[in-house]
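**Q** This is the structure, below, for whatever I ask next.
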Amino acid sequence: MKTGWKILIAILCCLLALTASIGIGSVGISPPDILAILLHKLFGLPLREEVDAITVSILWNIRLPRTLLAFFVGGALAASGTVMQSVLNNPLASSYTLGVSSGASLGAAAVMVLGISIPFLGMFTLPLLASVCGLLTVLLAMGFSARLDRNMENQTIILVGMVLSLFVNALLTMVTALSREHLQQLVFWQMGSFSSRDWSHVAILFPVTLIGCLLLLRYTREMDIMTFGEEQALSVGVELKRIKLILIILSALLTGTAVAFVGVIGFVDLIAPHVVRKLFGASHRLVVPMAVLFGGAFMTLADLLSRTVISPSELPVGAVTALIGAP
């Protein structure tokens, strides 16, 4: 099948996943009603009499922002995983390998336990500090790697990242054990959830994901070369150390921002790149955007399952992605 047809089918599948996530729930909303409500909200077109105000409110204030947030989180994680696998030349590498999730979780735990609140940020104090802690953990891993290995070879970065991640997780376990009153909140956050998210979260995550992915696309040639190994990249003139640092920081920023808003959600960053490479080949100019689409659609469907399987209760979406992703 030609690549153009594959891209078209991928886009259609994404639209179907988004439509299913918006339409399925305790109150079913048909595709024509979804389209009518969107046209009404975006362009002021009149609604049919059959579409009541409650349905409009459910779609616009609850389902749509949650679905879009799930899509952007999945896309950010998938793009990050694609880049990390290429940069570190390891099929199991991800930003989580370098401690992003551990650092973000520790930052979030500190906010919850200590009750930290920055006045002008309010509810965004936790996401901001969690994202900063996740990024700082990666920078710390890179700093240690540079001290141990001047060339910052992949094996050194991965091993240092894993050790640092284990250390930060140990600190997180101690905080959790000593804060029994916050235990349920801490555990649930670490499993990931899109519950109670609104347009304000979408408004922040969308530009971060878009800008991050556009910046990554500037380095697709270097990523193509780096997949053949570090020696090959150096031999053709790639500034390996600088490019590697830029790409790892961009990936960590994408993952850290996503994790900070919804908690730790695994496997999307591992699954998406491999599936996309099998379907579209190895060129990162195509793999990165297609991974964003696949990761977004996958996360959207995982969130749909998490809120409908045992409705009206919810499963942590991280548990759903792990149950699907691990096999």
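**Q** For segment 70-100, what are the residues that are assigned to a helix (DSSP H, G or I), among the hydrophobic types (A, V, I, L, M, F, W, C) and more than 12 Å from VAL259 (Cα to Cα)?
**A** Across segment 70-100, the qualifying residues are PHE71, ALA78, ALA79, VAL83, MET84, VAL87, LEU98.
**Q** Of the residues VAL236, VAL287, VAL262, only one is among the β-branched types (Val, Ile, Thr) and under 30 Å from ALA109 (Cα atoms); which?
**A** From the options VAL236, VAL287, VAL262, the qualifying one is VAL262.
**Q** Filter segment 87-123 down to the residues that are of a type in the set (Ser, Thr, Tyr) and touching an Asp or Glu at 6+ places or on another chain (Cβ under 8 Å), then identify the one that is surrounded by the most Cβ atoms within 10 Å (Cβ to Cβ).
**A** SER95
**Q** So the check is Cβ under 6 Å with 6+ separation or different chains; which pairs have a first residue in segment 291-304 that's touching a residue at least 60 places away in the same chain (Cβ under 8 Å) and a second one that's open to solvent by less than 10 Å² (accessible area, probe 1.4 Å) and not in a helix (DSSP H, G or I)?
**A** ASP303/PHE194
**Q** Against the condition at pLDDT below 95, surrounded by 23 or more Cβ atoms within 10 Å (Cβ to Cβ) and under 16 Å from the mean Cα position of the chain (by Cα), how does THR321 come out, does it pass?
**A** yes
**Q** Here's something else I'd like to know. Run down ALA146, ALA79 and say which single residue is under 30 Å from LEU240 (Cβ atoms) and either of a type in the set (Phe, Trp, Tyr) or free of Cβ contacts under 8 Å to residues at least 24 places away in the same chain (or both).
**A** ALA146
**Q** What is the residue count in segment 259-275 for residues that are touching a Leu at 6+ places or on another chain (Cβ under 7 Å) and surrounded by fewer than 18 Cβ atoms within 10 Å (Cβ to Cβ)?
**A** 0
**Q** Now for a separate question. Which members of segment 276-304 meet the condition of being surrounded by fewer than 17 Cβ atoms within 10 Å (Cβ to Cβ) and either modelled with pLDDT of 95 or more or of a type outside the set (A, V, I, L, M, F, W, C) (or both)?
**A** LYS278, GLY281, SER283, ARG285
**Q** Still on this structure, please answer the following. Out of ALA130, ALA141, I need the residue that is surrounded by 19 or more Cβ atoms within 10 Å (Cβ to Cβ), under 23 Å from VAL268 (Cα atoms), modelled with pLDDT under 90 and aliphatic (A, V, I, L, M). Which one?
**A** Exactly one residue qualifies, and that residue is ALA130.
**Q** Is there any pair with a first residue in segment 39-63 that is modelled with pLDDT of 90 or more and a second that is open to solvent by 60 Å² or more (accessible area, probe 1.4 Å) and hydroxyl-bearing (Ser, Thr, Tyr) whose Cβ atoms are under 9 Å apart and which are 6 or more apart or on different chains, and what are they?
**A** Every condition considered, the pairs that remain are ILE58/SER26.
**Q** Moving on. Restricting attention to segment 12-69, which residues are in a loop (DSSP other than H, G, I, E, B), under 30 Å from THR255 (Cα atoms) and open to solvent by 80 Å² or more (accessible area, probe 1.4 Å)?
**A** Residue satisfying the conditions is ILE24 alone.
**Q** Checking ALA326 against (1) open to solvent by 40 Å² or more (accessible area, probe 1.4 Å); (2) closer than 20 Å to ALA20 by Cβ, which test does it fail?
**A** Of the numbered conditions (1) open to solvent by 40 Å² or more (accessible area, probe 1.4 Å); (2) closer than 20 Å to ALA20 by Cβ, the odd one out for ALA326 is (2).
**Q** Shifting gears a bit: Here are some conditions: (1) part of a helix (DSSP H, G or I); (2) of a type in the set (A, V, I, L, M, F, W, C); (3) surrounded by 16 or more Cβ atoms within 10 Å (Cβ to Cβ). PHE194 meets all but one. Which one does it not meet?
**A** Failing condition for PHE194: (1).
**Q** Let me ask something else. Name the pairs whose Cβ atoms lie under 6 Å apart, with the first residue in segment 184-205 and basic (Lys, Arg), the second surrounded by 15 or more Cβ atoms within 10 Å (Cβ to Cβ), and 6 or more positions between them or separate chains?
**A** Pairs that qualify, where the first residue is basic (Lys, Arg) and the partner is surrounded by 15 or more Cβ atoms within 10 Å (Cβ to Cβ), are ARG197/ARG66; ARG197/LEU69.
**Q** So in segment 219-228, with the set limited to residues that are more than 10 Å from LEU247 (Cα to Cα) and not in a helix (DSSP H, G or I), which one is most open to solvent (accessible area, probe 1.4 Å)?
**A** Filtering first and then ranking leaves PHE228.
The values are calculated or read from the model by the stated rules, or taken from the named source; none is laboratory data. Quick caveat, the model's predicted, so the values are computed rather than measured. Reconstructed Cβ throughout: ideal geometry from the backbone, glycine too, with neighbour counts over all protein chains shown. With ligands, DNA and RNA removed, areas are computed over all heavy atoms of the protein, side chains included. Shrake-Rupley method; radii C 1.70, N 1.55, O 1.52, S 1.80 Å.
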